[in-house]
1. Quick one: which of 180, 207, 186 is closer than 23 Å to residue 313 by Cβ, within 12 Å of the ligand (Cβ to nearest atom) and at pLDDT 95 or above?
2. Are any of the residues in the range 271-285 at positive phi and either modelled with pLDDT of 95 or more or exposed (fewer than 12 other Cβ atoms within 10 Å of the Cβ) (or both)?
3. Can you list the strands (runs of 3 or more DSSP E) found entirely within the range 319-435 that contain at least 1 residues being within 16 Å of the ligand (Cβ to nearest atom) and surrounded by fewer than 22 Cβ atoms within 10 Å (Cβ to Cβ)?
4. Just to check your reading of the model, which residue among 98, 83, 103 is within 16 Å of the ligand (Cβ to nearest atom), touching a residue at least 24 places away in the same chain (Cβ under 8 Å) and surrounded by fewer than 20 Cβ atoms within 10 Å (Cβ to Cβ)?
5. I'd like the residue in the range 226-250 that is part of a strand (DSSP E or B) and more than 30 Å from residue 377 (Cα to Cα) and, out of all such residues, is farthest from the ligand (Cβ to nearest atom).
6. Hey, can you tell me all the residues within the range 48-74 that are at pLDDT 95 or above, surrounded by fewer than 23 Cβ atoms within 10 Å (Cβ to Cβ) and in a loop (DSSP other than H, G, I, E, B)?
7. What is the residue count in the range 211-225 for residues that are within 12 Å of the ligand (Cβ to nearest atom), modelled with pLDDT of 85 or more and in a loop (DSSP other than H, G, I, E, B)?
Ligand SMILES: [Cu+2]
């Protein structure tokens with residue numbers, strides 16, 4: 001998993017943090033929110049980073065974040081990152097081949113499946129009222145908003161010399177994430193939809209699973225794992241194959257370009273292997289998969305940071321089991337031209353307004369349309385081999401990915417004052433270092 005492991009101790013912190021004073025400079029006029037105050041989250045983290053967004057619950061997709069803007073103490077003007085992000089499918093096929101649930105389109109993360117927060121669900125956070133997306137007007141406490149510590153954000157100790165001798169300047173700070181979280185109970189499983197908006201501009205999307213294993217007694221040792229006494233009962237292995245739909249709108253300009261980067265061996269230098277990294281611009285719709293040292297970024301074609309570099313966000317995926325039982329779950333990422341008929345990564349219902357053949361991501365891209373407004377479909381799978389410890393309730397297991405800013409700002413968004421002179425100006429090697 002590449003997203004940061006978060007310390008469990010978050011309680012009590014959020015109430016204090018969310019009420020913290022906004023640092024000067026971070027109060028620049030934000031664009032008018034396009035949603036009501038109850039559907040707006042605008043919070044400033046301790047080091048001055050402010051995230052602002054709209055949220056709502058969709059009966060199938062569950063929690064949707066829209067119009068996501070970020071500003072920091074050093075870059076106080078809010079800049080849009082995302083038009084929207086949400087889950088786009090969750091396949092749960094069992095290894096026996098006897099059972100599969102497409103949890104988003106068959107059931108749904110919203111509606112009656114959406115849990116009202118209770119107990120310790122949002123301890124230390126702020127529970128927000130909202131409707132569950134079913135059309136039912138009743139408002140419930142369904143969204144938990146909290147600020148959670150993310151550990152050491154950076155550290156740099158600089159050694160300098162003057163007439164008085166050696167001087168050491170330490171820059172270090174603790175980081176925080178703004179966390180938005182909902183819980184959906186689908187039969188035995190309980191899923192946590194979570195977005196972590198980091199103070200350095202990173203966005204982490206992840207799905208947690210807890211609750212209980214689904215009962216199924218058909219498995220043998222090749223397709224199940226013995227739980228309970230001896231080997232009387234094998235709990236069936238299965239996948240949780242999740243898709244997310246990500247629509248960037250960098251600086252509100254849209255029209256991003258998709259870049260793929262590959263790093264390969266390129267002969268030898270004087271000491272060791274040479275490597276080269278090459279960009280391939282993906283102009284047309286398609287599906288793509290990871291190989292060693294391959295990654296993608298979504299790049300604005302018109303918005304630049306103050307160094308003149310095009311702003312972008314990079315997709316970073318970590319632990320991932322590819323489910324090969326369906327053709328549409330084989331690619332790791334799909335880029336398609338934005339189309340309102342393409343709602344889910346699979347299982348799109350027939351709609352008289354839409355062509356009948358747009359069921360899965362593979363259908364979305366088969367005509368290889370030129371992309372002027374790309375949508376990114378990210379697939380992350382988890383092959384769940386049950387274990388004794390999964391009962392009961394099951395410890396949370398997570399799957400997800402990160403969106404990491406690349407050239408969104410000219411320096412680290414958290415750069416402290418004493419380091420601002422170092423942009424493009426690396427410091428000389430400290431004395432006493434290796435030669
Ligand atoms: Cu599972």
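The values are calculated or read from the model by the stated rules, or taken from the named source; none is laboratory data. What you are looking at is a predicted structure, and each value in this text was computed from that prediction instead of being measured. When we count neighbours, we look across all protein chains shown, and the Cβ atoms used for this are built from the backbone with ideal geometry, even at glycine.
1. Of the residues listed, the single one that is closer than 23 Å to residue 313 by Cβ, within 12 Å of the ligand (Cβ to nearest atom) and at pLDDT 95 or above is 207.
2. no
3. Strands (runs of 3 or more DSSP E) meeting the threshold: 374-384, 394-406.
4. When all the criteria are applied, what remains is 98.
5. Going through the qualifying residues, I end up with 226.
6. 48, 59
7. Count: 3.
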